[in-house]
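Asks: I am attaching a structure below and will ask some questions about it afterwards.
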Amino acid sequence: MDQAELLRLFKQMVVIRHMEERCAELYQQGKIGGFLHLYIGQEATGVGIVSARGPNDNVITAYRDHGIAIACGMEPKVALAEMLGKATGCSKGKGGSMHLADKRLRYWGGHAIVGAHIPLADGIALADKYRGSDSVTICLFGDGATNIGYFHEALNLATVWSLPIFFVCENNHYGMGTSIERASAVPEMRQKAAAYNIPSAQVDGMELLAVRAAAEQALAHVRSGKGPFFLESMTYRFRGHSMGDPERYRKQEEVRKWQADDPIGKVEKLLVERGVSQAEIEAREAEAEAIVVEAEKFAEESPFPARGGRLGRHLCRDQGVLRPLRARARARHAYLGRGHRWGSRGRGHEWAQTSGRDHDHQLCFSGVGPDRQPGGQDPLHVRRPIRSAAGHPHHLRRRQTIGRHAFPDT
Ligand SMILES: Cc1ncc(C[n+]2csc(CCOP(=O)(O)OP(=O)(O)O)c2C)c(N)n1
Ligand SMILES: [Mg+2]
């Protein structure tokens with residue numbers, strides 16, 4: 001890879017890292033609603049894979065989708081606006097963090113149901129094959145998704161129909177709070193591809209160049225008409241599964257070990273080895289930071305979607321929808337065993353609040369604004385602090401610094 005391309009990808013990774021750090025803050029401030037799954041630590045995988053795609057190749061992923069969206073060419077301001085529920089977002093503020101998508105970029109999202117987008121990738125690839133195009137569909141998913149039925153059905157059909165699909169498993173070693181050892185029958189996710197006669201490889205997902213090279217090989221294989229290929233990228237998320245994850249399932253020692261392998265620090269080191277000056281690297285970092293500052297300003301200043309509209313009518317005003325959501329929230333509060341109260345903040349916005357031992361938590365249901373998604377499938381998801389991040393121990397503990405872990409001398 002030439003210097004200019006390496007610098008471009010370095011900057012892209014830094015943009016993703018900064019954006020994710022800002023997302024964490026905005027979430028703590030209550031400006032991002034619903035769930036938020038950060039990509040911090042996995043940047044080399046997303047950027048390495050997507051940078052290898054051809055102009056007509058499709059990309060589809062799960063809910064840990066912000067980094068992939070940026071790698072696909074989505075402007076950070078559009079992604080952030082979507083997360084803040086603003087009308088200028090890629091889904092007009094009605095999709096949120098887990099549903100970043102833009103068909104003009106051939107980026108098909110952002111999907112919240114584990115594994116459910118894998119058969120969709122089959123469909124996209126089938127359409128391309130039917131039309132006689134040479135496009136490949138790149139389908140990213142987590143290690144946890146390989147244990148679900150959709151995955152197996154989709155891999156089976158991909159071989160039966162010889163579909164042009166590049167399956168990429170981002171193995172970050174955990175599905176929520178469950179380690180792969182406790183959830184998977186086999187230690188390597190790529191072994192599952194063998195059952196469907198799909199050739200596979202494994203790559204160090206913390207090494208940008210290794211991921212890029214593996215992706216190029218895989219894409220060439222698929223594009224030559226040999227059917228699907230499966231790549232397992234060994235990576236790690238430095239933050240919790242989603243915001244508010246107390247991370248009782250892993251030791252900080254383990255997290256620190258992986259942080260020392262920071263994928264951004266590694267690219268920085270490589271740039272220095274290739275003779276790029278520290279000033280040039282810092283200039284790219286500053287440009288990346290400025291893009292994110294500008295994006296946040298744009299998102300904050302953008303308007304919320306207008307009231308009404310089809311989605312608003314269905315989600316907000318249709319009591320038939322709201323009632324079951326309310327019942328579900330009541331059940332959740334009973335489960336958490338905490339006192340609760342109900343209220344309304346106008347605009348069809350129903351909310352509930354509990355008081356916990358450590359700090360307050362809230363669940364929100366709404367069709368508009370930052371709290372527009374139904375929250376809470378489990379205690380990991382619903383435990384999020386109200387408003388300010390001040391004094392929140394998880395937040396303070398996990399602030400990241402770009403590159404410094406892997407490259408302490410600069
Ligand atoms: C069908 C389904 N079951 C359960 C969940 C709850 N859930 C959300 S994320 C997740 C873990 C998935 O782990 P993995 O595929 O490894 O992705 P990662 O979060 O590590 O990126 C689970 C079980 C869900 N969203 N959908
Ligand atoms: Mg995982």
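The values are calculated or read from the model by the stated rules, or taken from the named source; none is laboratory data. Just so we're clear, the structure is a prediction, and the values are computed from it rather than from any experiment. Cβ placement follows ideal geometry from the backbone for every residue including glycine, while neighbour counts extend to all protein chains displayed.
Asks: I'd like to check which helices (runs of 4 or more DSSP H) are fully inside the stretch 1-81 and have at least 2 residues that are within 16 Å of ligand 2 (Cβ to nearest atom).
Replies: 43-50, 66-71
Asks: Which pairs do you get when a residue that is assigned by TED's automatic domain parsing to the domain that holds residue 108 and at pLDDT 95 or above, found in the stretch 140-158, comes within reach of a residue that is β-branched (Val, Ile, Thr) and near ligand 2 (Cβ under 10 Å from one of its atoms), reach meaning Cβ atoms under 6 angstrom, with the pair 6+ apart or on two chains?
Replies: Partner pairs satisfying both residue conditions: 143/180; 145/114; 148/114.
Asks: Would you confirm, using the coordinates I've provided, whether residue 12 is in contact (Cβ under 8 Å) with a residue 24 or more places away in the chain and more than 15 Å from residue 69 (Cα to Cα)?
Replies: no
Asks: Step by step: first the residues of the stretch 99-122, then only those that are within 15 Å of residue 73 (Cα to Cα) and either touching a Pro at 6+ places or on another chain (Cβ under 8 Å) or among the aliphatic types (A, V, I, L, M) (or both), then the one that is nearest to ligand 1 (Cβ to nearest atom). Which residue is that?
Replies: Across the stretch 99-122, the extreme among qualifying residues is 100.
Asks: Let me ask something else. Somewhere in the stretch 229-240, is a residue surrounded by fewer than 19 Cβ atoms within 10 Å (Cβ to Cβ), at pLDDT 95 or above, under 24 Å from the mean Cα position of the chain (by Cα) and not charged (D, E, K, R)?
Replies: no
Asks: Right, here's the next one. Of all residues being over 23 Å from residue 239 (Cβ atoms) and acidic (Asp, Glu) in the stretch 42-77, which is farthest from ligand 1 (Cβ to nearest atom)? Just the residue, please.
Replies: Across the stretch 42-77, the extreme among qualifying residues is 75.
Asks: While we're here: Within the group 168, 114, which residue is in the same structural domain as residue 207 (by TED's automatic domain parsing), within 15 Å of ligand 2 (Cβ to nearest atom) and surrounded by 21 or more Cβ atoms within 10 Å (Cβ to Cβ)?
Replies: It is 168.
Asks: OK, next. Within the stretch 210-221, how many residues turn out to be over 22 Å from the mean Cα position of the chain (by Cα) and either modelled with pLDDT under 95 or crowded, with 24+ Cβ neighbours inside 10 Å (or both)?
Replies: Residues meeting the conditions: 1.
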